[in-house]
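Asker: Mind having a look at this structure? Questions to follow.
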Amino acid sequence: MSTVEARAGAEIVTGGPGGPAGPGAARAAVPRDAGRRVRGNTWRLLGSEVGLTFRRPRNLVMLAVLALVPAVIGVVLRTVSAGGAEGDAGAIIGAVAGNGMLLAFVSLFVLVPLLLPVAVAVVAGDAIAGEASLGTLRYLLAAPAGRTRLLAVKYVNAVVFGLAATAVVAASALVTGFALFPIGPVTLLSGSTIPVAEGMLRVLIAVAYVGAGMAALSALALAVSTLTEAPIGAIAGTVVFVILTQVLSTIPQLAVIEPYLLTSYLPRFDGALRDPVATEEMTRGLLAFAAHIAVCGSFAWARFHSRDVTS
Amino acid sequence: MPTYTRRGRIVRWGVPIAAVAVVAGAVTAGPVIAAVQGDPVLPERSAGQLLAEAVRAGQSGDVPPMSGTVVETASLGIPGLPEVTGDTGSPAALLAGSHEARVWYGDAGRVRVALPGRMSETNLIVNGDQAWLWESAGNRATRIKLPEGHAGARPTPLPSVVTPQEAATRMLAGAEEHSAVSVTNTERVANRPSYQLVLTPKDDRSLVSEIKLALDGETFVPLRFQVYAKGSLEPAFEVGYTSVTFSPPAPENFTFTPPAGAKVEEQTLGADAKRVPGGLTEEGRGEVRTVGSGWTTVVVLPAPDADTLRRQASQAQAPSSAPSSDPSPGQGEAGQAGQGEAGAGQLVAAVLDSAERVQGEWGSGRLLRTKLVTALLTDDGRLLAGAVRPEVLYEAAGRK
């Protein structure tokens, strides 16, 4: 594990593996500019984490699959003439044939319920449990104030990946849409039409919103990840949660719990396709995401700090 | 490895617990803040004064420009009603569950109502003598022609959307004669201090226990309308603003041009009624009569018997099937009405299946009981309905 060694090396620069226990003792021992060095090292650690994440073949394959789906949808819509599309979203899928930019929204609509969450869960669920299962967690923790910083770095890394995955979907959809379909003023769900530039802005809004939702999901996966040493358990647990909550929200008798489920806010990115933009609903969704991040994040922090790292 | 004391662990676990508490606090912040602020106190007004203010505000048409979110919740307890979720467009869906609409109100001639769905939206846009119904799910724009002489009147082609204004106007019509009316001035609706009118039926044969209407304390615009059935604490039907702003909405809200590629249709107002399965409204329009008065009013209208209804309902579900030779009224309409009606057809069939067979001196028929409305379909071809106990219907059925 050469990469792990590289990271452990970065740790050693700051505090040394045999550093005294407890943040207070560390503060007394290290020189005054240690704060800046720790900060600099945090960025370096984050950089190396992000680099690792985006070099890992497994993650690259997931990004490739995510990029492939919009292309496949685009090709199918191009070759099979629209029509016979049913349901609420049927019309918008058909409308892609008239305007390629809508493919970005359709792709998000298709991927947000399962595939995007799975990709995020793989990265965020692996964060702590993966290191624990490889036995590399203790090297990463061999630094003063290590646990909080490590957790934060792992979380930011997962958030970056979630945002990147969402952006990859949108980018692939836009490229496919531009290549296969005419591009012009965009017809919104409300029936009004906006120019192309504003349409791009709406795509960005939707990507940012879904990215925020994935950040909330990352916090959840991270919390699960601190509970186990088996990364597959953390990943599966998160995915099961995503599926289960969506199943529950289809049961009419359980409509009361819907406002408390993370997944019921994820498809609200369609607010970006309304006129005016449904800021009220989307703000509500963002607040729900923030609440999930606060609760799951602090749970992960408390759990990670009180657990004995033996591997 | 840092060593952690037991105390340290307890302190650490305090953080997520605090986070949960903060989130729970934020979720319930509305009620908490309201409780801290205390009940809003508006100048006292009698029921009469308040009704007059409300009617004046409603009739003179100087309802201030506003926009907001309206939520409709119905739990009518209709037996056999298939629970439909997500299908916000169908009127049948509005009989159960909760639905949200955005409302923009410029003046009496400029209104926009939007029903958001998942990746879809239904819009009603009224601007002067122009009205458009836009359904993104069907990529269809319908230009609604208002009948001659009705220009400026509020059309209601969407039976599903009842704004608080309309609900209130209907209620105010015969209020004080049959009801005990009281007023509270400490209500808060959509975060605005409001008056609340409470009407309690004097006749205890009514299924309605009370009706509450909340009026904005400043503008007297109705903000919430609730109907409580006897024996339940939650309203059986509720429509009200969850957020409201009294400022002129952007003018773009009231302009609509059908987007390129959309199907554009024309429809004259009133043509909708023909689409009711079984042709109830169509046939019965001339012969609808009412028995009784006030809260125990029973509506009597001629109707085909249950078997015919059922047959029509199943036919509506399969519009492509060959038209039967049965000459009963409304058949043709039911056959061609198509997809939109399939939901209503299913509904009729399901509801009929759950109806209870009853008989008495007045004859025999099927009785359908819900929390709020009782309906009796007699075998001699009449439909009686009212927000009353079954006895009142039997009595009305006896009076031929």
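Asker: Looking at this structure, is residue A:244 free of Cβ contacts under 8 Å to residues at least 12 places away in the same chain and either open to solvent by 40 Å² or more (accessible area, probe 1.4 Å) or assigned to a helix (DSSP H, G or I) (or both)?
Answerer: yes
Asker: Which of the residues spanning the stretch B:208-227 are in contact with a strand residue (DSSP E or B) (Cβ under 7 Å, 6 or more places away or on another chain) and open to solvent by 30 Å² or more (accessible area, probe 1.4 Å)?
Answerer: Passing the criteria: B:209, B:210, B:212, B:224.
Asker: When only residues in the stretch A:282-311 that are of a type in the set (Phe, Trp, Tyr) and out of contact with any Lys or Arg (no Cβ under 6 Å at 6 or more places or on another chain) count, which is least open to solvent (accessible area, probe 1.4 Å)?
Answerer: A:289
Asker: Can residue B:347 be described as surrounded by fewer than 21 Cβ atoms within 10 Å (Cβ to Cβ), under 26 Å from residue B:228 (Cα atoms) and at pLDDT below 80?
Answerer: In short, no.
Asker: Being of a type in the set (D, E, K, R), surrounded by fewer than 21 Cβ atoms within 10 Å (Cβ to Cβ) and either assigned to a helix (DSSP H, G or I) or more than 9 Å from chain B (Cβ to nearest Cβ) (or both) is the filter here; which residues of the stretch A:270-281 pass it?
Answerer: A:280, A:281
Asker: When you go through A:261, A:254, A:201 one by one, which is the residue that is away from chain B (no Cβ under 11 Å), among the hydrophobic types (A, V, I, L, M, F, W, C) and loosely packed, with under 15 Cβ neighbours inside 10 Å?
Answerer: A:201
Asker: Kindly check whether there is at least one residue in the stretch A:235-258 that is touching a strand residue (DSSP E or B) at 6+ places or on another chain (Cβ under 8 Å) and not hydroxyl-bearing (Ser, Thr, Tyr).
Answerer: So the first thing to find is which residues in the stretch A:235-258 are touching a strand residue (DSSP E or B) at 6+ places or on another chain (Cβ under 8 Å), and the list is A:252, A:255.
Keeping just the survivors that are not hydroxyl-bearing (Ser, Thr, Tyr) gives A:252, A:255.
Checked the stretch A:235-258: at least one residue is touching a strand residue (DSSP E or B) at 6+ places or on another chain (Cβ under 8 Å) and not hydroxyl-bearing (Ser, Thr, Tyr).
Asker: Looking at the stretch B:228-244, which of its residues are among the hydroxyl-bearing types (Ser, Thr, Tyr) and open to solvent by 50 Å² or more (accessible area, probe 1.4 Å)? Even if it seems obvious, please write down each step before you answer.
Answerer: The first filter runs over the stretch B:228-244 and keeps only residues among the hydroxyl-bearing types (Ser, Thr, Tyr), leaving B:228, B:232, B:241-243.
Within the stretch B:228-244, just B:242 meets the criteria.
Asker: From A:197, A:173, A:206, A:167, which residue is assigned to a helix (DSSP H, G or I) and without any contact (Cβ under 8 Å) to a residue 12 or more places away in the chain? Give the derivation first.
Answerer: Working: A:173 fails: without any contact (Cβ under 8 Å) to a residue 12 or more places away in the chain; A:206 fails: without any contact (Cβ under 8 Å) to a residue 12 or more places away in the chain; A:167 fails: without any contact (Cβ under 8 Å) to a residue 12 or more places away in the chain.
Being assigned to a helix (DSSP H, G or I) and without any contact (Cβ under 8 Å) to a residue 12 or more places away in the chain holds for just one of A:197, A:173, A:206, A:167, which is A:197.
Asker: Looking at the stretch B:357-367, which of its residues are touching a helix residue (DSSP H, G or I) at 6+ places or on another chain (Cβ under 9 Å) and either of a type in the set (Lys, Arg) or crowded, with 21+ Cβ neighbours inside 10 Å (or both)?
Answerer: B:365, B:366
Asker: Restricting the stretch B:25-40 to residues that are more than 9 Å from chain A (Cβ to nearest Cβ) and modelled with pLDDT of 75 or more, which is most open to solvent (accessible area, probe 1.4 Å)?
Answerer: B:28
Asker: Quick one: which residue in B:74, B:96 is in contact with a Phe, Trp or Tyr (Cβ under 6 Å, 6 or more places away or on another chain), farther than 22 Å from residue A:275 by Cα and either modelled with pLDDT under 70 or within 14 Å of chain A (Cβ to nearest Cβ) (or both)?
Answerer: The match here is B:74.
Asker: Let me ask something additional. Within the group A:87, A:100, A:40, which residue is out of contact with any Pro (no Cβ under 6 Å at 6 or more places or on another chain), at pLDDT below 95, part of a helix (DSSP H, G or I) and farther than 20 Å from residue A:215 by Cα?
Answerer: Residue meeting the stated conditions: A:40.
Asker: In the stretch A:152-174, what count of residues is obtained for those that are aliphatic (A, V, I, L, M) and open to solvent by 10 Å² or more (accessible area, probe 1.4 Å)?
Answerer: So in the stretch A:152-174, the residues aliphatic (A, V, I, L, M) come out as A:152-153, A:156, A:158-160, A:163-165, A:167-171, A:173-174.
So of that shortlist, the ones also open to solvent by 10 Å² or more (accessible area, probe 1.4 Å) come out as A:152, A:156, A:159-160, A:163-164, A:167-168, A:171, A:174.
Final tally of qualifying residues: 10.
Asker: Considering each of B:264, B:300, B:276 in turn, give the residue that is surrounded by 14 or more Cβ atoms within 10 Å (Cβ to Cβ) and either more than 30 Å from residue B:111 (Cα to Cα) or modelled with pLDDT of 60 or more (or both).
Answerer: Step by step, each of B:264, B:300, B:276 is checked, and only B:300 is surrounded by 14 or more Cβ atoms within 10 Å (Cβ to Cβ) and either more than 30 Å from residue B:111 (Cα to Cα) or modelled with pLDDT of 60 or more (or both).
Asker: Could I ask something else about it? Condition (residue is out of contact with any Phe, Trp or Tyr (no Cβ under 6 Å at 6 or more places or on another chain), more than 10 Å from chain B (Cβ to nearest Cβ) and among the hydrophobic types (A, V, I, L, M, F, W, C)) applied to the stretch A:292-311: is it met by at least one residue?
Answerer: no
Asker: May I pose another question? For the stretch B:206-259, which positions are under 30 Å from residue A:187 (Cα atoms), under 21 Å from the mean Cα position of the chain (by Cα) and among the aromatic types (Phe, Trp, Tyr)?
Answerer: B:241
Asker: Tell me whether the stretch B:6-20 contains one or more residues that are at pLDDT below 80, part of a helix (DSSP H, G or I) and under 20 Å from residue A:222 (Cβ atoms).
Answerer: The answer is yes, given that some residue of the stretch B:6-20 is at pLDDT below 80, part of a helix (DSSP H, G or I) and under 20 Å from residue A:222 (Cβ atoms).
The values are calculated or read from the model by the stated rules, or taken from the named source; none is laboratory data. The shown structure was predicted, so the numbers you read here are calculated from the model rather than taken from an experiment. Counting neighbours? That spans all protein chains shown, and the Cβs are built from the backbone with ideal geometry, glycine included. Heads up: the accessible areas ignore ligands, DNA and RNA and are worked out on the full protein's heavy atoms, side chains in. Shrake-Rupley method; radii C 1.70, N 1.55, O 1.52, S 1.80 Å.
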